[in-house]
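See structure below.
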Amino acid sequence: MKPLPGLSRVQFRSLCIVVLCVLTLALLLSAASAQGPGAGEPHIRPARPPGRVRRPVVNPYADVNWDTAHQVHSLSHIHTGWGDAPPIYRRVRALYDRGIRHFAFSNYYPSAPYYPLDQYLPDLPDDVIASPNAEHHTMTNTPLHFNSLGSFFRSGSPQGQQPKGVRRTWQHAFRATLDNLQFDDGGGVTINHPVWSKLTIAQVIEMFDYDPRVLGIEVYNDTCEKRTDTPQLGWSDEYWQIMLGTGRFVIGFFVIDHSDDDPLGRNVLLVPEVTEHEALRAYRRGAFYGALRGTARINRIAVDMPFISIETDKGEKVRFITQKGVVQETEGNQAKYRLTGQEVFVRIEVDCPDGERLFSQPIMFVASPVK
Ligand SMILES: [Zn+2]
């Protein structure tokens, strides 16, 4: 071979060796990549599609110090009495004995705050706190019932008297609720038992999107579940699942409502100090978890990328749930889930041996379309 013009024989030989080396390497690489599955062999895709694992855009537990937080058992939807129900002092005593420390009575004839609570119960235990609240109904454009948690808004009349209920639109009632909040950074509207109220998902989403202080929906309402005329309408978890799948940070509430016979449902607030203000701040941010009985506790929920982990005291089964449904089920009282980068949200449910169930709030990975 003749050297190229301008190159010495030695330089030309070196160039040829480099070119040969590169060609050999390219051939080897293409042979290696061709050693994939042969004819008839299944092509196994990677379990996780490549891509960056997203960080949470909303984590209601981000500011919770689990080592020092007080866990305050709270009722966001409860009536002082109904029909043959016990009088309020026996109601409070019975629920206090079941561990409830924060009461937000939500009466509706009239729909008016029962606050401050020691005005009605002078000998309240020192560790009981309370918040203004009421259940509003009879609006002109919806069968909705909602709670004005942390608001002094009142509507309606005592039982048997007129006028009955709000008698205005739900938008008017939401505005009045939000204009009368006790604290700017606490409380808001809860959409009560949407399935029992026969609201459509679209209607609930329209209400939820009305204002960032429309906090979420009742995922479990014990009275709607146990009512004898229309039983088993207490769970609205399918609504929750659909709404969360749209990227909306919908807070889930677990409430007893009227029930007084083995009442199920409570919200366990995670607060730095046991004050009425902190209780309402926790509700605003979703810094709490739901429980049916109050017999087990979540000790920690941590996001340590790319993992979400949970520790409980008595759990025997842990489920991680995303927009795809249950994506992992783990036996035991603690569990860890590896994020794939595809999650819109992750929430966690825990089953305990005595029938207790615990429900985390959602951790969101996709920015909400609204709010
Ligand atoms: Zn109610």
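The values are calculated or read from the model by the stated rules, or taken from the named source; none is laboratory data. Since we're looking at a predicted model, the values are computed, not measured. Quick reminder, even Gly has a Cβ in these numbers, built from the backbone with ideal geometry, and neighbours come from all protein chains shown.
Results, tabulated for the structure shown:
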item	result
Spans of strands (runs of 3 or more DSSP E) in the range 224-310 with at least 2 residues of a type in the set (Gly, Ala, Ser)	288-291
Filtered residue count, the range 152-166, keeping only those that are among the polar types (S, T, N, Q) and more than 16 Å from the ligand (Cβ to nearest atom)	3
Lone unmet requirement of (1) without any contact (Cβ under 8 Å) to a residue 60 or more places away in the chain; (2) touching a strand residue (DSSP E or B) at 6+ places or on another chain (Cβ under 8 Å) for Asp67	(2)
Residue within the range 207-222 that is part of a loop (DSSP other than H, G, I, E, B) and within 15 Å of the ligand (Cβ to nearest atom) present	no
Enumeration of residues in the range 164-201 that are over 23 Å from the mean Cα position of the chain (by Cα), under 29 Å from Asp229 (Cα atoms) and not charged (D, E, K, R)	Gly165, Val166, Thr169, Trp170, Ala173
Filter result (of a type in the set (Gly, Ala, Ser) and in contact (Cβ under 8 Å) with a residue 60 or more places away in the chain) within the range 157-205	Gly186, Gly187, Gly188
Flag if Gln323 is in contact (Cβ under 8 Å) with a residue 12 or more places away in the chain and in contact with a helix residue (DSSP H, G or I) (Cβ under 6 Å, 6 or more places away or on another chain)	yes
All positions within the range 330-371 that are in a strand (DSSP E or B) and under 11 Å from the mean Cα position of the chain (by Cα)	Phe345, Val346, Arg347, Ile348, Glu349, Phe359, Ile363, Met364
Test for Ile88: is it surrounded by fewer than 20 Cβ atoms within 10 Å (Cβ to Cβ) and within 16 Å of the ligand (Cβ to nearest atom)	yes
Leading residue by the ranking (modelled with the highest pLDDT) among those in the range 47-85 that are within 16 Å of the ligand (Cβ to nearest atom) and among the hydrophobic types (A, V, I, L, M, F, W, C)	Leu75
Residue list for the range 226-267, restricted to those being within 16 Å of the ligand (Cβ to nearest atom), crowded, with 17+ Cβ neighbours inside 10 Å and polar (S, T, N, Q)	Ser236, Ser259, Asn267
Subset tally (residues that are part of a loop (DSSP other than H, G, I, E, B) and crowded, with 18+ Cβ neighbours inside 10 Å) for the range 189-206	7
Which numbered condition Asn133 misses (of (1) touching a residue at least 12 places away in the same chain (Cβ under 8 Å); (2) more than 23 Å from the chain's Cα centre (by Cα))	(2)
Phe365 being buried (at least 18 other Cβ atoms within 10 Å of the Cβ), touching a residue at least 24 places away in the same chain (Cβ under 8 Å) and touching a Leu at 6+ places or on another chain (Cβ under 7 Å)	no
Inter-residue pairs, beta-carbon under 7 Å, first over 17 Å from Ala62 (Cα atoms) and modelled with pLDDT of 95 or more and in the range 251-279, second away from the ligand (no atom under 15 Å from the Cβ) and of a type in the set (Ser, Thr, Tyr), 6+ apart	Arg266/Ser74; Asn267/Ser74; Glu276/Ser131
Answer residue from the range 120-151, given it is among the acidic types (Asp, Glu) and in contact with a strand residue (DSSP E or B) (Cβ under 7 Å, 6 or more places away or on another chain) and is nearest to the ligand (Cβ to nearest atom) among those	Glu135
From the options Gly160, Gly186, Gly99, residue that is surrounded by 14 or more Cβ atoms within 10 Å (Cβ to Cβ) and at positive phi	Gly99
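Here's the yes/no breakdown for (1) among the acidic types (Asp, Glu); (2) in contact with a Ser or Thr (Cβ under 8 Å, 6 or more places away or on another chain); (3) farther than 19 Å from Phe249 by Cβ:
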{"residue": "Phe174", "(1), (2), (3)": "no, no, no"}
{"residue": "Phe183", "(1), (2), (3)": "no, no, yes"}
{"residue": "Gly187", "(1), (2), (3)": "no, yes, no"}
{"residue": "Pro194", "(1), (2), (3)": "no, yes, no"}
{"residue": "Asp211", "(1), (2), (3)": "yes, no, no"}
{"residue": "Ile217", "(1), (2), (3)": "no, yes, no"}
